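Read the structure below first, then the notes.
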Ligand code: FAD
Ligand code: MG
Ligand code: MG
Ligand code: MG
Ligand code: MG
């Protein structure tokens, strides 16, 4: 920071101008990126090196390769293999890094308010000015208002993985003490996962592998039947955002592996030594049950960060989604001055995509039939074609075609077997709220980051003369670049020496060891650097040869 920085903004804080502009040409637009996760890093990777004055602000000075985080909790992979320094990634674009937390954005003055603890432990605050701002701050863990979560572990960050690893090993050692009673040993070795999504499922699978592969070798005193792994899931199936075949395969597999899957169950409270939950029975009644716990992982989905919540509130009525910041299809934050602020990744959602794409489809259909859209009568077979198209574009939103089938009959109010214009309008009005939007995945964040990089690269090439001539209404994004379109490349989850795939177009594979290698190679390819790739390969080799390092 400059010695005598200019102060300003609503709070009259120092403005970190000198920092941003040091010896780089001041004419370049200042691009500020909040967050160094999947979204931010994808943007950095594909941005032309010299078009922007780039600054990344993030409390973490590393990028974290999250898909492999469950592996790190049990020592299959080393923690350091999963992180890559942000400064290393930034050097290609000659960017700056500020290790701090974004607290607020002053949209009218184009300032980000930033906080950090200084060397004396005192909080300092300052503003970082931007010309373009990208919000890519991800999400936080969803507490669902459950009591006693201080007794549970989370899995979001590298520190979480470290704490889990230590706890698992500590429990195994305690269980081996000659003074430990049988009951106490059973409790120490009872591992409960709350949440049947990919993270919870993968953690359970990794844990199971550990218990099977290394335990008999290194902890001969522990009996396999004293160890238990349980997954508590609120829905009827685990991996319920995946295709049905995939979640069935995973359940059968877990069944065989003696991992207990408790479906239709809601956690009420986590106590230091037990978890209390209610389970809906087949006859509709609800029973309260409990399990002893030596360890409990809480992985029941995500909620907005405090920054996202603050920005949504500030932007007012245009931000109606309680779960994420809404953008238009060009990824511009709704309600912020057009073209200044973008939001990508887990913290964001693109508004009105599904309904818009159905409208386009219907217009084309009417045009093909040579009639006005108002005269359109949609048969169930037509709807099926719409549904296929929607499922292809929004696979995560519409994972089961049955949901769309149901909508047809629900909105055919007069039960004529066709949807008329009025019925269609009703359906479209509701479809976006009925179907959740883009998935909170690395895949999506990556696509959005690289979309912005390509757009920003193009923007930097547009001369002022072109600007003045061609783009009079100020909608530069729409004038020079296409809208964002999500392409689903399939999802996969690791479930214990095999992997399940959901490729989104109706066919899913599940299989043996070959699937694990396919799974690993997919993540190799997505991985950001050769360094990360090599480190992971070495870890896997090491584990194959010597087993896991069970020290903490
Ligand atoms: P993140 O990658 O979370 O990055 C957010 C960044 O913002 C971080 O650097 C954070 O430090 C920073 N930040 C937070 N608050 C602030 C602030 N106030 N100011 C500045 N910076 C801030 N997805 C898949 O597609 N496949 C998988 O197999 C998969 N497995 C996963 C396993 C685990 C254990 C977890 C936790 C997630 C997994 N995901 C997976 C999801 C995937 O990690 C996320 O969807 C992805 O990280 C989202 O990218 P993002 O850039 O939006 O956020
Ligand atoms: Mg990010
Ligand atoms: Mg990340
Ligand atoms: Mg994963
Ligand atoms: Mg009808």
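Of all residues in the stretch 345-371, count the ones that are in contact with a helix residue (DSSP H, G or I) (Cβ under 9 Å, 6 or more places away or on another chain), within 16 Å of ligand 1 (Cβ to nearest atom) and within 13 Å of residue 329 (Cβ to Cβ).
Total meeting the criteria: 2.
Going by what's in this entry, would residue 124 be described as more than 16 Å from ligand 5 (Cβ to nearest atom), in contact (Cβ under 8 Å) with a residue 60 or more places away in the chain and assigned to a strand (DSSP E or B)?
no
Return yes or no: is residue 193 surrounded by 20 or more Cβ atoms within 10 Å (Cβ to Cβ) and at pLDDT 95 or above?
For residue 193, the condition - surrounded by 20 or more Cβ atoms within 10 Å (Cβ to Cβ) and at pLDDT 95 or above - is met.
Please state which of the following conditions residue 552 fails to meet, knowing it meets all the rest: (1) touching a helix residue (DSSP H, G or I) at 6+ places or on another chain (Cβ under 7 Å); (2) exposed (fewer than 15 other Cβ atoms within 10 Å of the Cβ); (3) closer than 23 Å to residue 165 by Cβ; (4) at pLDDT 70 or above.
Only one criterion is unmet by residue 552, namely (4).
Yes or no: the stretch 427-442 includes at least one residue that is farther than 24 Å from residue 303 by Cβ, modelled with pLDDT of 80 or more and away from ligand 3 (no atom under 16 Å from the Cβ).
Taking every residue of the stretch 427-442 in turn, at least one turns out to be farther than 24 Å from residue 303 by Cβ, modelled with pLDDT of 80 or more and away from ligand 3 (no atom under 16 Å from the Cβ).
Taking the stated definitions as given, is residue 419 modelled with pLDDT of 70 or more, within 16 Å of ligand 2 (Cβ to nearest atom) and touching a strand residue (DSSP E or B) at 6+ places or on another chain (Cβ under 7 Å)?
Spelling it out, it is not the case that residue 419 is modelled with pLDDT of 70 or more, within 16 Å of ligand 2 (Cβ to nearest atom) and touching a strand residue (DSSP E or B) at 6+ places or on another chain (Cβ under 7 Å).
Could you tell me whether the stretch 165-186 includes any residue that is at pLDDT 90 or above, farther than 19 Å from residue 68 by Cβ, crowded, with 17+ Cβ neighbours inside 10 Å and under 24 Å from the mean Cα position of the chain (by Cα)?
Scanning the stretch 165-186 turns up no residue that is at pLDDT 90 or above, farther than 19 Å from residue 68 by Cβ, crowded, with 17+ Cβ neighbours inside 10 Å and under 24 Å from the mean Cα position of the chain (by Cα).
Filter the stretch 70-96 down to the residues that are within 15 Å of ligand 2 (Cβ to nearest atom) and in contact (Cβ under 8 Å) with a residue 60 or more places away in the chain, then identify the one that is nearest to residue 170 (Cα to Cα).
Residue satisfying both the conditions and the ranking: 83.
Mind checking which residues of the stretch 352-372 are closer than 18 Å to residue 477 by Cβ and either within 16 Å of ligand 4 (Cβ to nearest atom) or surrounded by 18 or more Cβ atoms within 10 Å (Cβ to Cβ) (or both)?
Across the stretch 352-372, the qualifying residue is only 353.
Over 27 Å from residue 492 (Cα atoms) and in a helix (DSSP H, G or I) - does that describe any residue in the stretch 188-200?
The answer is yes; a qualifying residue exists.
Name every residue in the stretch 133-150 that is over 21 Å from residue 295 (Cβ atoms) and either more than 13 Å from ligand 2 (Cβ to nearest atom) or in a strand (DSSP E or B) (or both), in order of residue number.
Within the stretch 133-150, 133, 134, 135, 139, 140, 145 meet the criteria.
The values are calculated or read from the model by the stated rules, or taken from the named source; none is laboratory data. Since the structure is predicted, the reported quantities are computational estimates derived from the model, not experimental observations. Heads up, the Cβs are rebuilt from the backbone with ideal geometry, glycines too, and the neighbour counts pull from every protein chain shown.
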